[in-house]
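Enquirer: This is the structure I want to talk about, given as structure tokens.
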There are 2 protein chains.
Amino acid sequence: MRMKTSKLILFFCLFSVASISYLFAQQTGSIVYVDAKELTLIGKANSTPHLYHRIDTLQYQGMPAVVKELFTNSAGLGIVFTTNSNAISARWSTVNPKTGSNMTAIAHKGLDLYIKRDGKWIFAGVGRPTANSTTAQIVENMEDGEKECLLYLPLYDEIKRLEIGVSADSFIKPSADPFCKKVLVYGSSITQGASASRPGMAYPARLSRKSGINFINLGLSGNGKMHQPVADMLSDMEADAYILDCAANPSPDEITQRTGYLVKTIRDRHPDAPIIMIQSVVRESGNFDMKINKRVSGQNRNFKLEFEKLKSAGIKDLYFIEGELLGADHEGTTDGVHPNDLGFDRILDVIERPILEILQQYGI
Amino acid sequence: MRMKTSKLILFFCLFSVASISYLFAQQTGSIVYVDAKELTLIGKANSTPHLYHRIDTLQYQGMPAVVKELFTNSAGLGIVFTTNSNAISARWSTVNPKTGSNMTAIAHKGLDLYIKRDGKWIFAGVGRPTANSTTAQIVENMEDGEKECLLYLPLYDEIKRLEIGVSADSFIKPSADPFCKKVLVYGSSITQGASASRPGMAYPARLSRKSGINFINLGLSGNGKMHQPVADMLSDMEADAYILDCAANPSPDEITQRTGYLVKTIRDRHPDAPIIMIQSVVRESGNFDMKINKRVSGQNRNFKLEFEKLKSAGIKDLYFIEGELLGADHEGTTDGVHPNDLGFDRILDVIERPILEILQQYGI
């Protein structure tokens with residue numbers, strides 16, 4: 001069953017490029033803008049009526065309103081394309097009037113471009129938002145030749161419109177999805193990407209670039225609470241593996257009440273897929289605040305207890321990752337809660353290797 | 001000469017606490033607010049008429065207007081105090097209406113609190129700005145007992161007013177400056193702190209906490225260009241050492257024209273103080289933009305050439321630090337120019353040890 005799904009995914013990964021066409025669109029000065037809809041959208045669990053939403057929230061009616069709204073944020077989504085242009089710009093519109101005090105506007109509502117060089121994704125430039133409608137140069141003065149590009153969309157905002165600009169005398173065409181397989185990562189604001197400095201620094205995106213595996217960002221800021229309708233939605237999705245990084249938002253009691261249902265409902269629908277639980281909650285705000293400290297200890301303790309109960313109950317292919325996630329110097333967060341890029345780097349130091357080793361066991 | 005100055009500084013470091021008084025101020029509910037002017041301000045090169053400006057810009061008239069304005073930003077300044085309160089809050093006002101797209105509002109116009117534990121400064125909480133006038137809880141639910149506190153001020157804004165709030169039944173009093181000696185760090189936006197995630201993560205502040213030495217932040221966003229009046233100002237200041245991290249803003253030609261004057265004028269006034277040049281310019285935006293790439297190469301080449309010329313000309317106690325400052329994965333910036341906290345951590349990996357070793361040679 002698993003192999004069949006994987007082969008199907010591989011087929012799409014390799015051959016979705018078959019529909020490539022050369023695109024030319026509205027011209028402004030020496031820049032041609034192409035609607036990103038004409039290029040390749042990556043990072044989605046399933047297709048949705050609104051292209052830049054992560055989930056079709058009409059399909060999953062029972063979810064809390066705030067969860068539905070968060071799934072309109074484009075965290076983890078990206079546009080891949082190939083161009084021989086020497087410069088790349090973008091025009092895009094977002095919705096939220098404000099940026100959280102713990103995030104950069106680039107991460108919240110901006111764009112983040114990588115270009116492939118020698119088989120690796122290398123940072124190329126950002127789209128700095130000036131307002132909810134922005135036109136911005138992302139990179140210019142590049143050498144001639146084809147570039148395979150990956151443009152990450154905003155982590156905490158909804159994209160209403162996106163166009164990519166290239167030189168009028170160049171081409172732009174959709175690329176094949178560079179990432180294969182499908183690993184769903186369900187979690188909190190930390191999964192969604194707060195407080196990475198730019199969209200490509202959210203940890204599921206970093207994992208994808210490093211491994212070539214498609215880690216799908218299903219982080220829900222403040223609301224990764226394992227609500228039953230969300231558990232049902234997750235189990236309804238076909239994936240090669242399921243990562244549950246969702247101990248940060250529910251109370252210790254909610255963790256006890258809800259973890260079993262979440263894991264079992266995924267297991268019921270996907271008998272062979274590995275399920276990886278991550279004990280991600282570290283709160284530097286709890287260094288001195290004893291109430292926060294106690295809550296976090298309770299969350300971590302109960303998440304681990306639920307894992308052990310589930311293992312004892314015979315749930316197979318279930319894993320638990322833990323460690324000193326933010327290092328020992330207490331400098332790994334922006335606000336005591338959300339990792340800065342240093343904190344995310346340390347989280348990857350702990351979780352990347354075990355995750356990839358587990359996935360490898362399953363041929364992922 | 002040097003020893004005499006050092007002893008004088010040490011005297012002030014140890015005994016400025018002599019004027020400690022217990023303070024009680026305006027009461028709001030169960031919180032008492034004390035004007036931060038009544039506590040101990042640290043991180044200043046010299047005293048200024050406006051308490052929260054870094055430099056007395058009336059004293060140094062010849063500097064460009066933009067430089068004067070940047071010296072009104074409170075980068076590197078902090079308030080130290082001791083309290084037995086279980087909660088700490090703040091009321092503060094800043095000036096700038098906007099936050100740059102590559103910074104968090106917390107870094108730009110927010111506050112960042114550390115508390116000493118077992119001889120180390122440990123992150124305790126942030127003051128999240130909601131507007132230019134904010135009242136915010138920074139930390140609460142702390143254990144009983146005295147806490148030695150260090151509150152960093154905004155990196156990119158001017159503080160007009162600042163009050164610290166503690167429980168009405170507790171005391172708050174000024175602490176002694178925890179940092180000794182005085183090392184001036186002159187540089188660009190990278191020195192000023194863009195794009196650290198919060199004020200305490202700017203690299204001079206991190207160096208101070210780790211070493212106990214007072215690294216003074218004289219970073220000037222976009223304007224650390226070694227202007228002659230700024231060189232004259234720097235040389236006018238008494239310090240134990242001078243760090244020149246200023247190759248990022250001037251053009252390659254300006255570096256050739258201005259570095260000699262800056263170094264020589266400091267050397268003339270301070271014959272024995274070490275002068276440390278840092279080759280800090282890395283531009284991830286130059287990964288593909290060949291024009292930026294070329295400019296950065298020119299800046300770094302010319303800064304190094306000037307160092308070699310000055311050494312050949314017999315300037316003593318002059319040092320040069322270089323290395324792979326942002327690592328090799330190109331992920332160390334927020335926008336291609338300004339380090340994120342991961343980038344700053346890597347910069348410290350390169351510069352911290354050589355800086356401290358040089359300072360140690362001089363008894364600093």
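Enquirer: In the set B:99, B:48, B:72, which member is of a type in the set (Ser, Thr, Tyr), outside any strand (DSSP E or B), more than 14 Å from chain A (Cβ to nearest Cβ) and in contact with a His (Cβ under 8 Å, 6 or more places away or on another chain)? Even if it seems obvious, please write down each step before you answer.
Expert: Working: B:99 fails: more than 14 Å from chain A (Cβ to nearest Cβ); B:48 fails: in contact with a His (Cβ under 8 Å, 6 or more places away or on another chain).
Every option except B:72 fails the conditions.
Enquirer: If we keep just the residues of the stretch B:49-106 that are among the hydroxyl-bearing types (Ser, Thr, Tyr) and modelled with pLDDT under 95, which is surrounded by the fewest Cβ atoms within 10 Å (Cβ to Cβ)?
Expert: B:60
Enquirer: Quick one: residue B:335 ticks every box in (1) surrounded by fewer than 23 Cβ atoms within 10 Å (Cβ to Cβ); (2) within 22 Å of the chain's Cα centre (by Cα); (3) outside any helix (DSSP H, G or I); (4) of a type outside the set (A, V, I, L, M) bar one, so which box is it?
Expert: Among (1) surrounded by fewer than 23 Cβ atoms within 10 Å (Cβ to Cβ); (2) within 22 Å of the chain's Cα centre (by Cα); (3) outside any helix (DSSP H, G or I); (4) of a type outside the set (A, V, I, L, M), residue B:335 violates only (1).
Enquirer: Of everything in the stretch A:139-173, what is within 13 Å of chain B (Cβ to nearest Cβ) and small (Gly, Ala, Ser)? Give them in sequence order.
Expert: A:145 - this is the single residue of the stretch A:139-173 that is within 13 Å of chain B (Cβ to nearest Cβ) and small (Gly, Ala, Ser).
Enquirer: Looking at the stretch A:152-257, what helices (runs of 4 or more DSSP H) fall wholly within it and have at least 1 residues that are among the aliphatic types (A, V, I, L, M) and closer than 18 Å to residue A:108 by Cβ?
Expert: Here the list reads A:189-192, A:203-211.
Enquirer: Restricting to the stretch A:278-300, and then to whatever is in a helix (DSSP H, G or I), under 26 Å from the mean Cα position of the chain (by Cα) and not polar (S, T, N, Q), can you tell me which residue is nearest to the other protein chains (Cβ to nearest Cβ)? Please lay out each step first, then the result.
Expert: Going residue by residue through the stretch A:278-300, those that are in a helix (DSSP H, G or I) are A:284-286, A:290-300.
Keeping just the survivors that are under 26 Å from the mean Cα position of the chain (by Cα) gives A:284-285, A:296, A:299-300.
This time we only want the ones that are not polar (S, T, N, Q), so: A:284, A:296.
Numbers: A:284: 5, A:296: 13 Å.
Only one residue tops the list, namely A:284.
Enquirer: For the subset of the stretch A:238-272 comprising residues that are among the basic types (Lys, Arg) and closer than 25 Å to residue A:364 by Cα, which member is surrounded by the fewest Cβ atoms within 10 Å (Cβ to Cβ)?
Expert: Filtering the stretch A:238-272 down to residues among the basic types (Lys, Arg) leaves A:258, A:264, A:267, A:269.
With closer than 25 Å to residue A:364 by Cα added as a condition, the list becomes A:264, A:267, A:269.
Numbers: A:264: 16, A:267: 19, A:269: 14.
For the stretch A:238-272, the residue satisfying everything is A:269.
Enquirer: Can you pull out the residues in the stretch B:82-119 that are under 20 Å from residue A:286 (Cβ atoms), of a type in the set (D, E, K, R) and either in contact with a strand residue (DSSP E or B) (Cβ under 8 Å, 6 or more places away or on another chain) or touching a residue at least 24 places away in the same chain (Cβ under 8 Å) (or both)?
Expert: B:112, B:116
Enquirer: While we're looking at this one, here's another question. Looking at the stretch A:122-131 only, could you name the residues that are more than 9 Å from chain B (Cβ to nearest Cβ) and either closer than 22 Å to residue B:293 by Cα or in contact with a Pro (Cβ under 7 Å, 6 or more places away or on another chain) (or both)?
Expert: Matches in the stretch A:122-131: A:127 only.
Enquirer: Check off (1) within 14 Å of chain B (Cβ to nearest Cβ); (2) among the aromatic types (Phe, Trp, Tyr); (3) surrounded by fewer than 18 Cβ atoms within 10 Å (Cβ to Cβ) for residue A:362 and give me the number that stays unchecked.
Expert: Unmet for residue A:362, out of (1) within 14 Å of chain B (Cβ to nearest Cβ); (2) among the aromatic types (Phe, Trp, Tyr); (3) surrounded by fewer than 18 Cβ atoms within 10 Å (Cβ to Cβ): (1).
Enquirer: What is the one condition in (1) over 21 Å from the mean Cα position of the chain (by Cα); (2) closer than 18 Å to residue B:237 by Cα that residue B:54 does not satisfy?
Expert: (1)
Enquirer: Would you please name the residue that is nearest to residue A:207 (Cα to Cα), looking only at residues in the stretch A:112-127 that are crowded, with 20+ Cβ neighbours inside 10 Å and not aliphatic (A, V, I, L, M)? I'd like the intermediate steps shown before the answer.
Expert: Let us first name the residues in the stretch A:112-127 that are crowded, with 20+ Cβ neighbours inside 10 Å, namely A:112-115, A:121, A:123-127.
With the extra rule that they be not aliphatic (A, V, I, L, M), the set shrinks to A:112, A:114, A:121, A:123, A:125, A:127.
Numbers: A:112: 16, A:114: 14, A:121: 12, A:123: 15, A:125: 19, A:127: 22 Å.
Applying the filter and picking the extreme gives A:121.
Enquirer: Out of B:325, B:356, B:305, B:342, I need the residue that is in contact (Cβ under 8 Å) with a residue 24 or more places away in the chain and either within 11 Å of chain A (Cβ to nearest Cβ) or over 25 Å from residue B:209 (Cα atoms) (or both). Which one?
Expert: Details: B:325 fails: either within 11 Å of chain A (Cβ to nearest Cβ) or over 25 Å from residue B:209 (Cα atoms) (or both); B:356 fails: either within 11 Å of chain A (Cβ to nearest Cβ) or over 25 Å from residue B:209 (Cα atoms) (or both); B:342 fails: in contact (Cβ under 8 Å) with a residue 24 or more places away in the chain.
Step by step, each of B:325, B:356, B:305, B:342 is checked, and only B:305 is in contact (Cβ under 8 Å) with a residue 24 or more places away in the chain and either within 11 Å of chain A (Cβ to nearest Cβ) or over 25 Å from residue B:209 (Cα atoms) (or both).
Enquirer: Residue A:349 - would you say it is of a type outside the set (Ser, Thr, Tyr), in contact with a Lys or Arg (Cβ under 9 Å, 6 or more places away or on another chain) and either closer than 16 Å to residue A:190 by Cβ or in a helix (DSSP H, G or I) (or both)?
Expert: For residue A:349, the condition - of a type outside the set (Ser, Thr, Tyr), in contact with a Lys or Arg (Cβ under 9 Å, 6 or more places away or on another chain) and either closer than 16 Å to residue A:190 by Cβ or in a helix (DSSP H, G or I) (or both) - is not met.
Enquirer: Can we say residue B:109 is within 24 Å of residue A:109 (Cβ to Cβ), at pLDDT 95 or above and among the basic types (Lys, Arg)?
Expert: Against the criterion (within 24 Å of residue A:109 (Cβ to Cβ), at pLDDT 95 or above and among the basic types (Lys, Arg)), residue B:109 qualifies.
Enquirer: In the stretch A:215-245, how many are under 16 Å from the mean Cα position of the chain (by Cα) and either at pLDDT below 95 or farther than 19 Å from residue A:44 by Cα (or both)?
Expert: Within the stretch A:215-245, residues that are under 16 Å from the mean Cα position of the chain (by Cα) and either at pLDDT below 95 or farther than 19 Å from residue A:44 by Cα (or both) number 2.
Enquirer: I've got another one for you. For the list (1) under 24 Å from residue B:128 (Cα atoms); (2) outside the structural domain of residue B:66 (by TED's automatic domain parsing); (3) touching a strand residue (DSSP E or B) at 6+ places or on another chain (Cβ under 7 Å), I need the number of the one condition that residue B:196 fails.
Expert: Among (1) under 24 Å from residue B:128 (Cα atoms); (2) outside the structural domain of residue B:66 (by TED's automatic domain parsing); (3) touching a strand residue (DSSP E or B) at 6+ places or on another chain (Cβ under 7 Å), residue B:196 violates only (3).
Enquirer: Residue under question is residue A:156, and the condition is that it be within 16 Å of residue A:112 (Cα to Cα), among the aromatic types (Phe, Trp, Tyr), assigned by TED's automatic domain parsing to the domain that holds residue A:344 and within 21 Å of the chain's Cα centre (by Cα); does it hold?
Expert: Details: within 16 Å of residue A:112 (Cα to Cα): yes; among the aromatic types (Phe, Trp, Tyr): yes; assigned by TED's automatic domain parsing to the domain that holds residue A:344: no; within 21 Å of the chain's Cα centre (by Cα): yes.
Against the criterion (within 16 Å of residue A:112 (Cα to Cα), among the aromatic types (Phe, Trp, Tyr), assigned by TED's automatic domain parsing to the domain that holds residue A:344 and within 21 Å of the chain's Cα centre (by Cα)), residue A:156 does not qualify.
The values are calculated or read from the model by the stated rules, or taken from the named source; none is laboratory data. Since the structure is predicted, the reported quantities are computational estimates derived from the model, not experimental observations. Positions of Cβ are backbone-derived with ideal geometry, glycine not excepted, and every protein chain shown enters the neighbour counts.
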